[in-house]
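The values are calculated or read from the model by the stated rules, or taken from the named source; none is laboratory data. Everything numeric in this text was worked out from a predicted model, so none of it was measured. A quick note on method: Cβ atoms are made from the backbone with ideal geometry, for glycine too, and the neighbour counts reach across all protein chains shown. Calculation scope for accessible area: heavy atoms of the full protein, side chains included, ligands and nucleic acids excluded. Shrake-Rupley method; radii C 1.70, N 1.55, O 1.52, S 1.80 Å.
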Amino acid sequence: MSDIRPLEQDDIPAVSEMLQRILRKRRDPAPQGMRDYLRELFLDPPCRADGIHSLVHLREDGKVNGFMGVLPMRFTYRGKTLRSAIGGSFMVDRHEDDPYAGARLLRAFQSGPQDLSLTETANDVSTAMWRRLRGTILTEYSLEWLRILRPAGFMAAIAANAFAPAALTRPLARPFDALLRRRGSPPQWTHVADGEFAQTALVSEDTDTAETVSLIRTFATTFALHPEWSQSELERMVVEAQRKANYGTMVRRKVLSRGGKTVGFFVYYGNKGGIGRVIQVLSLPGHEGSVLDTLLDDATKRGLVALRGRGQPALVNAMLGRRFAFVHASSSIVHAKDRTLLEPFVTGQAFLNGFAGESWTRLLGDRFD
């Protein structure tokens, strides 16, 4: 009979091979660096909690054929501390041999001691499972946004991602994009003109690890429901988030008002000629638009061809009219044993995604070779 139990040290090799093959779509063996990181992340997570563990599903012969990576995290809401578990890296090997393994694994995860079960990376199959188990799909948190800055460069980057030799076309795209930028036309869906953000972008400055930790904690408190990190917990997350080699160079900046007050913060990754990945944009209420304009201005000056990231309700509202495109790639979902705890999520008053999720981890965007 199949079984589900907490992840153990000896399970790491099997879990690594599944992750390499199923989620990373690689045929070569999982590198030792990945095994070491999985062991560190899921057996000694930044925010530890008694009774909340990553889970493995075992076949009848005792071999691991399923995994749910779980990151404990404390949240606070109306003065009360809530235990939460963020589920990701959800996978089942040869699910056709055991079609209910995924559902059993997800049900076991939700049945843990936590008040909230969360995810920000549910694909279509796992979203359907969450829905059947009374998970609440959070539409605005689930939208992925895209802002094109240089259209020819964007098309060349897309082609290069699909077929590596197509990267040779990138130099050919630059004159076309330069011509578009010089036209000075009204704001367009397809590109950013020279000086487009001159009136709306604010000053931004680089931040170090200590200041980044302080800013994230400060901005998180503007949400009714937000994580309750210790200094050491968040510091470890911020340090680990620096390593995303597949995404490019990390950019981490605070945004200052005309009077010098810090009104926003953003973290993204990208290289000149590439598509930048944003993992966090935070803002004081009412400053979302100017913080987004500052982010776009910074990325444009660094030569990126586009930016993409994950939505939060206040940001999505500010993006309307700023020529962002939206798609759905994966879902942010919450399951609460006390249904009254769903209110801040459905009203957009919960801090979710990014550092309140799993996208800060090296599993999303880093190499382990």
> Each residue of segment 339-355 in order: what ³J(HN,Hα) in whole Hz does its phi give by Karplus 6.51 cos²θ - 1.76 cosθ + 1.60, θ = phi - 60°, with x for Gly and Pro?
Replying inline: 5, 5, 6, 6, 3, x, 6, 6, 9, x, 9, 10, 8, 9, 5, x, 6
>> Need one number: % antiparallel among DSSP beta bridges in the chain, to the nearest 5.
In response: 90
>> 5 Å is the cut-off here: which amide hydrogens, built 1.01 Å from N in the peptide plane, fall below it relative to Asp93, excluding neighbours closer than 5 in sequence?
In response: Gly66
>> Take the residue pairs Lys25/Lys301; Lys25/Lys63; Lys261/Lys301 and return only those whose Cα atoms are more than 31 Å apart.
In response: Lys25/Lys301
>> How large a share of the accessible area of the chain, in percent, is made up of carbon and sulfur atoms when the probe is 1.4 Å and the other protein chains stay in place?
In response: 52
> After finding the eigenvalues of the alpha carbon gyration tensor for segment 227-331, what semi-axes result from the square roots of 5 times each, listed largest first in whole Å?
Replying inline: 20, 19, 15
> Can you give the charge dipole size of segment 86-155 about its Cα centre, rounded to the nearest 20 debye, using +1 on the beta carbon of Lys and Arg and -1 on the beta carbon of Asp and Glu?
Replying inline: 180
>> Taking amide H atoms as placed 1.01 Å from N in the peptide plane, list the residues 5 or more away in sequence, or in a different chain, whose amide H sits under 5 Å from that of Glu228.
In response: Arg74, Phe75, Thr76
> If you place +1 on the Cβ of every Lys and Arg, -1 on the Cβ of every Asp and Glu, and leave all else neutral, what size is the dipole of the chain about its Cα centre, to the nearest 20 Debye?
Replying inline: 1100
> For the Cα atoms of the chain, what angle does the longest principal axis make with the long axis of helix 288-301, in degrees from 0 to 90, nearest 10?
Replying inline: 70
> Taking Cα atoms, how many degrees apart are the long axis of helix 32-43 and the longest axis of the chain, rounded to 10 and kept between 0 and 90?
Replying inline: 70
>> Relative contact order for segment 201-317: what percent, with Cα pairs under 8 Å and sequence separation of 6 or more?
In response: 26
>> Let me check against my output: what whole-number percent is the relative contact order of the chain, with C-alpha pairs under 8 Å and at least 6 apart?
In response: 21
> From a point 7 Å beyond the Cα of Leu146 in the direction of its Cβ, which residues of segment 320-359 have a backbone N at a distance under 11 Å?
Replying inline: 325-329
> Using alpha-carbon positions, what is the distance between the centroids of segment 263-300 and segment 234-257, in Å?
Replying inline: 12
> So what's the angle, to the nearest 10 degrees on a 0 to 90 scale, between helix 170-182 and the longest Cα principal axis of the chain?
Replying inline: 50
> Over the Cα atoms of segment 52-132, what is the Rg over Rh ratio if Rh follows Kirkwood?
Replying inline: 1.02
> What's the extension gain from Lys25 to Leu133 if we count 0.36 nm per residue and subtract their Cα-Cα distance?
Replying inline: 36.1 nm
> Counting Lys and Arg as +1 and Asp and Glu as -1, each charge on the Cβ, what is the dipole of segment 187-329 about the Cα centre in debye, to the nearest 20?
Replying inline: 320
> Of Pro13, Pro29, Leu41, which is farthest on the positive side of the dipole of segment 1-41, counting Cα position, with +1 on Lys and Arg Cβ, -1 on Asp and Glu Cβ, and the Cα centre as origin?
Replying inline: Pro29
> Farthest toward the dipole's positive end in the chain, which of Leu55, Phe154, Leu105, given Cβ charges of +1 (Lys, Arg) and -1 (Asp, Glu) about the Cα centre?
Replying inline: Phe154
> Which aspartates and glutamates, on any chain, are close to Lys337 with Cα under 14 Å apart, when same-chain ones fewer than 8 places away are left out?
Replying inline: Asp115
